[in-house]
Amino acid sequence: MTEITDFNDLANAKGIQVVHDIVANAINNPPTVVDKDDELGNFGTMEVSAHVPVPELLQSFPVAVLNEVSEWVEGFSFEPQPQITQFTTLAIASTLCGRNYVSEGGNTSSLFLMVLGETGVGKNYAKTSTQSFFDDVGMTNLLSGSGNTSSGAVFTSLVSAPCHIQIVDEIGKQLQTARKQSNGMMAEAFSTLVECYSSTTTMLTPKNYSNMSDIVAGKNKDTKKVVIRCPAITLLGLATPAQVYDNLSTVEIEDGFLNRLIVCDVTLPQKPEQMQMPMPVPRHIGQWANLIRNPTANSLTSLTGIEMGYDVKPVHTIVKFDSGVKELFMGYRRELKEREANGEFALPDMTRRWNENAMRLATCLAVCENALEPVVTLELAQWSILFVEYYGNEFMLNAASKVSDSDFHSLYLKVREFIERSGEIGMTESELSRHCRAYAASPPHQRDQVLLALVREGCVQQLSLKTASGRGRPRVVWIATENITNKVLALVK
């Protein structure tokens with residue numbers, strides 16, 4: 001496990017402003033690799049304007065028991081993928097801490113997570129291991145269905161279990177259904193999830209529906225209203241990148257559902273092949289899980305940790321902020337606003353929940369580290385900020401380059417991506433047809449319009465290049481302007 005700097009000692013020695021300046025510097029002047037600072041030890045920073053590898057600092061948890069849970073989770077896969085494993089562990093932790101804990105800043109631990117991986121990467125073990133975990137520790141009541149068919153289904157699931165996890169396989173298909181029926185039941189289900197995310201310390205109430213016919217008939221005059229107090233849903237969505245990006249538009253970005261998600265677009269390679277050997281949850285991990293859900297009461301009359309019904313407000317265990325943590329999160333909030341005002345974000349709407357998600361993640365980590373006396377330390381807060389920032393930025397860049405509002409825009413983005421990826425070699429129209437299914441399926445006039453638009457915007461150029469031998473017909477290719485080097489120009493005929 002990567003050792004993380006003790007930011008508490010740094011703050012005590014030099015003041016919280018020093019820690020805040022480190023965060024600001026990591027965000028505003030990021031290197032493209034993880035650097036080691038002599039004063040701070042191993043401190044991860046990341047590039048925020050381009051895709052970069054996952055920093056080593058973020059590839060393990062700053063809480064030892066969560067790394068043990070990750071090792072257990074990987075026993076359910078022939079070829080474990082580190083990011084899928086990590087997000088699965090986060091989903092388990094978020095669910096365990098749900099509804100019973102709240103930080104001094106009013107944050108709970110309920111997280112909305114989504115993993116995007118190509119077919120064949122083995123995402124399914126996220127679902128099987130999570131289900132097995134809660135079964136082994138005797139908490140199947142925390143498991144819910146795979147998604148929601150309507151707003152009413154969300155309420156029904158919360159009445160049955162006001163704290164639970166929903167593992168939604170093929171979530172991209174549900175997003176597609178919601179997009180096609182913007183006023184349909186599936187769209188309302190996602191809207192209710194948005195409300196639930198924001199109501200974890202208050203209450204969730206259903207919409208009003210007319211029952212005038214019953215009232216006129218003298219029936220059902222006083223219908224009981226369902227009120228869910230402190231709903232705690234952890235969402236773990238699984239999908240392929242194409243399912244999600246092809247079925248999103250700027251509407252979904254603006255309506256607030258996507259910016260509540262911490263999204264991992266899988267990039268790390270899978271681990272070496274191993275024999276799949278699911279094991280029972282180790283005894284000490286089971287005890288840890290039960291301590292989180294049912295902490296030892298500090299008095300005979302204490303209701304802390306008692307599972308309350310959906311209509312009863314639970315007695316929360318307060319997660320304290322260590323010295324300087326509040327200032328760190330407030331400073332990060334101001335940084336995000338300043339960067340948005342300076343036009344640094346491709347899709348500003350997607351950054352609006354980064355600070356809140358970081359605070360939720362830090363709250364979850366604090367409970368996992370010590371459920372009886374949970375404290376968000378500067379170390380946990382900083383790791384959480386970097387984690388949310390890294391994955392938030394990667395998802396924002398992917399959405400900015402792949403999410404479209406029309407068929408033309410979708411084709412435009414795909415053609416541009418394929419040409420840019422071809423590098424100095426470029427692509428002929430025949431090669432575009434072979435490799436890009438959207439291009440091959442489009443009518444000739446739409447292909448021409450897309451290529452013309454890319455030329456007018458200075459993104460691509462069409463060049464006639466001599467063959468390597470200098471003999472034969474020249475190769476007519478489309479090449480990204482940024483890839484036109486002196487080497488390429490030397491081949492222009």
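Points to keep in mind about this one:
- Some residue of the stretch 155-175 being in contact with a helix residue (DSSP H, G or I) (Cβ under 9 Å, 6 or more places away or on another chain), of a type in the set (Ser, Thr, Tyr) and surrounded by 17 or more Cβ atoms within 10 Å (Cβ to Cβ): no
- Criterion (of a type in the set (D, E, K, R), touching a residue at least 60 places away in the same chain (Cβ under 8 Å), open to solvent by 60 Å² or more (accessible area, probe 1.4 Å) and farther than 30 Å from Ser442 by Cβ) met by exactly one of Glu356, Glu373, Glu369, Glu338: Glu369
- Condition met for Glu457 (touching an Asp or Glu at 6+ places or on another chain (Cβ under 8 Å), closer than 26 Å to Ala399 by Cα, surrounded by fewer than 18 Cβ atoms within 10 Å (Cβ to Cβ) and not polar (S, T, N, Q)): no
- Test for Thr130: is it modelled with pLDDT of 90 or more and either open to solvent by 20 Å² or more (accessible area, probe 1.4 Å) or outside any loop (DSSP other than H, G, I, E, B) (or both): yes
- Filtered residue count, the stretch 460-493, keeping only those that are in contact (Cβ under 8 Å) with a residue 24 or more places away in the chain, open to solvent by less than 60 Å² (accessible area, probe 1.4 Å) and in a helix (DSSP H, G or I): 2
- When Pro206 is tested against (1) in contact with a Gly (Cβ under 8 Å, 6 or more places away or on another chain); (2) modelled with pLDDT under 90; (3) under 30 Å from Ala400 (Cβ atoms), just one condition goes unmet, and that condition is (3).
- Identity of the residue in the stretch 394-422, part of a loop (DSSP other than H, G, I, E, B) and open to solvent by 20 Å² or more (accessible area, probe 1.4 Å), that ends up modelled with the lowest pLDDT: Asp405
- The single condition among (1) open to solvent by 10 Å² or more (accessible area, probe 1.4 Å); (2) closer than 30 Å to Asn100 by Cα that Tyr391 does not meet is (1).
- Every residue from the stretch 353-374 that is outside any helix (DSSP H, G or I) and either under 21 Å from Asn259 (Cα atoms) or out of contact with any helix residue (DSSP H, G or I) (no Cβ under 6 Å at 6 or more places or on another chain) (or both): Arg353, Asn370, Leu372, Glu373
The values are calculated or read from the model by the stated rules, or taken from the named source; none is laboratory data. For clarity, every value in this text was computed on a predicted model and none was experimentally measured. No Cβ is skipped: glycine too gets one built from the backbone with ideal geometry, and neighbour counts run over all protein chains shown. To get the accessible areas, we keep the full protein, side chains included, count just its heavy atoms, and leave off ligands, DNA and RNA. Shrake-Rupley method; radii C 1.70, N 1.55, O 1.52, S 1.80 Å.
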